[in-house]
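The values are calculated or read from the model by the stated rules, or taken from the named source; none is laboratory data. From a predicted model like this one, the values you see are computed outputs, not experimental measurements. When we count neighbours, we look across all protein chains shown, and the Cβ atoms used for this are built from the backbone with ideal geometry, even at glycine. Surface areas here come from the heavy atoms of the whole protein model, side chains and all, with no ligands, DNA or RNA. Shrake-Rupley method; radii C 1.70, N 1.55, O 1.52, S 1.80 Å.
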Amino acid sequence: MAYQNRSAADWQRLDARHHLHPFTDPAVLARDGARILCKGDGVYLWDADGKRYLDGMAGLWCVNVGYGRTRLAKTMAQQAEELAYYNAFFMTATPAQAELAARIADLTPGALNHVFFGNSGSDANDSIVRTVWHYWRTLGQPKRRVFISRVHAYHGSTLTGASLGGWKNMHALGDTLLPGFEHIMPPYWYVFGGDLTPADFGLVAAEALEKKILEIGPDNVAAFIGEPVMGAGGVIVPPATYWPEVQRICRKYGILLIADEVICGFGRTGEWFGSQTLGIAPDIMTIAKGLSSGYAPISAMVLSDDVYRVLANGGEFAHGYTYSGHPVSCATALENIRIMEEENLVARVRDDIGPYFQLKLRSLSDHPLVGEVRGVGLLGGVELARNKATRTLFDPTLKVGAFCMNLAFERGVIIRAIRDVLEFSPPLIITHQQVDTLIDETRAILDAAAQQFAVT
Ligand code: PXG
């Protein structure tokens, strides 16, 4: 190992002193110390004290084939020995890059055939913003600059990623919301739906896009970006009426449609891509996470033939990262895709474990704390409510969701909470029995929360 064997307390001390963590309050970290995770196998993780956790989140929505895959480790070692690094700049390429680009073109639907590699979902979305601006300039429409996204959307943490996203706390950090990034109401019926049926509300939420386009002026709008199912923002599954109408509006005004598939891609929803599950034909797609099951950092923006044709006449594409198409990451992604195919993981999610998980998750609906259960495939969200009948949420300062997430860790299961929505995104290899455990544990956690927050 590259690191020394120390006690959990020693690692916690080093960590708290020197490591600034993502999305963490440093003062709380300094007080409580981080949980130090050391080993993974299948759906399980072990911490420095040897305690085992069932990971209901596949890391951060990414370890789709599960932990501890020797084949992936060997592939990484082999590629590192053969050629650890070379870049894709100035007319060079490496075999794994070329093959992975072709595999992605095969797997993605429709005319999405042109791949630009990055290292994270954030930088892929950043690349998309630059590329889309370049696209419209090349087409002689330089005024088309505005991106439209949704409240609660997560599209990354770079300056443009955070601006594309609709998280107020992220915009507030350093006051960094860029001009020209607009956010409309999300298709979030439970909170925004009022007295409308979900189907009617889906149309109203889509109409918000048209209203925003007309407000800005259609000639100023570059693109609309959305996750097929919003993941980190609360596993928000749109009503069936939503996407067809959004797509129609984008086409009507000639606006590019971008599907951010960072969470939905690579089997999560029961198809290779969420766009297939939700019936969307995007012009551009963002992929990351499940592309390598998190074993190596890699992302991509995938462009349609039509978008690419414009760039092909746009001169030098003056954009790229040192690690665009890193050979180790590309080789890992190729092997990861091979594993997914050999083990039929996408069909498994669609036909077997996905429906089973959804059924079990929905069994929580009768719990006094559960307002709504949402999800598709192996993506699940449980919206907690103070009053189910009136769809009244808890006072956010009570932090009911965080209470549940912490108790889950204590009980040896990992789930995530955003606001008071519990989120689930287990590895695609999770067994029926492990799903049972995950849901049984969640019920026990909800019981404890009901007692804590006096809901009966
Ligand atoms: N788009 C989507 C849809 C994502 O979920 C990104 C872009 C950015 O990817 P990178 O690789 O730059 O992190 C993501 C990432 C959470 C959480 O709070 C979710 C993500 C990242 C960190 C935390 O659940 N998703």
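What does the accessible area per residue of the stretch 137-229 come to in Å², with a 1.4 Å probe and no ligands, DNA or RNA counted? Spelled out: the 1.4 Å probe surface of the stretch 137-229, per residue, equals 44 Å².
Converting phi to 3J(HN,Hα) with the Karplus coefficients 6.51, -1.76 and 1.60 and the offset θ = phi - 60°, the stretch 46-63 yields 10, 8, 5, 8, x, 6, 9, 10, 8, 8, x, 10, 6, x, 10, 6, 9, 7 Hz in sequence order, with x at every glycine or proline. Considering all C-alpha pairs of the chain, those separated by over 39 Å amount to 20%. Only Lys, Arg, Asp and Glu carry charge here, each on its Cβ (+1 for the first two, -1 for the last two); on that basis the chain has a dipole of about 480 debye about its Cα centre.
With both residues required to sit in the chain, DSSP beta bridges show an antiparallel share near 65%. Using only side-chain charges placed at the Cβ, +1 for Lys and Arg and -1 for Asp and Glu, the dipole size of the stretch 109-162 relative to its Cα centre rounds to 320 debye. For the pair the stretch 46-90 / the stretch 431-456, the C-alpha centres are spaced 30 Å from each other. Rounded if a/c is under 1.5, else prolate if a/b is larger than b/c, else oblate: which is the stretch 145-265, with a ≥ b ≥ c the root eigenvalues of its Cα gyration tensor? Oblate. Atom-type composition of the exposed protein surface of the stretch 149-188 places 65 percent of the accessible area on carbon and sulfur (1.4 angstrom probe).
When GluC sites (Glu not before Pro) are flagged only if DSSP places them in a loop and at most 15 other Cβ atoms lie within 10 Å, the longest unflagged stretch of the chain comes out as 1-315. The length gained on full extension between Phe317 and Asp352, counted as 0.36 nm times the residue separation minus their Cα-Cα distance, comes to 8.2 nm.
With all pairs of separate Cα atoms included, the stretch 22-73 yields a Kirkwood hydrodynamic radius of 12.5 Å. Cα-based radius of gyration for the stretch 330-456, normalised by 2.2 N^0.38 Å, reads 1.16.
For the stretch 200-349, the carbon plus sulfur part of the accessible surface works out to 50%, probe radius 1.4 Å. Normalised by the number of residues in the chain, the mean separation of alpha-carbon contacts (under 8 Å, six or more apart) gives a relative contact order of 20 percent.
Across the stretch 218-229, rounded Karplus estimates of 3J(HN,Hα) from the backbone phi angles (6.51 cos²θ - 1.76 cosθ + 1.60, θ = phi - 60°) give x, 6, 9, 9, 8, 6, 10, 10, x, 7, x, 10 Hz, Gly and Pro being marked x. Set against the 2.2 N^0.38 Å expectation for a compact globular protein, the stretch 71-342 has a Cα radius of gyration ratio of 1.00. Output the pairs from Lys168/Lys212; Lys143/Lys289; Lys211/Lys399; Lys39/Lys399 with a Cα-Cα distance over 25 Å in this structure; if there are none, say none. Table pairs above 25 Å Cα-Cα are Lys143/Lys289; Lys211/Lys399; Lys39/Lys399. Round to a whole number: what % of the accessible area of the stretch 39-90 belongs to carbon and sulfur, probe 1.4 Å? Answer for the stretch 39-90 is 55 percent, counting heavy atoms of protein chains only.
Charging the Cβ of each Asp and Glu at -1 and of each Lys and Arg at +1, and nothing else, the dipole of the stretch 167-270 about its Cα centre rounds to 160 debye. Calculated mean residue ellipticity at 222 nm for the chain: -12500 deg cm²/dmol, from DSSP H runs with n ≥ 4 weighted as -39500 (n - 2.57), summed, divided by the residue count and rounded to 500. The separation of the stretch 136-170 from the stretch 291-345, counted between C-alpha centres, amounts to 21 Å. Ranked by the mean number of other Cβ atoms within 10 Å per residue, highest first, peptides 220-232, 66-78 order as 220-232, 66-78. Summarising the strand pairing of the stretch 71-342, around 45 percent of its internal DSSP beta bridges are antiparallel.
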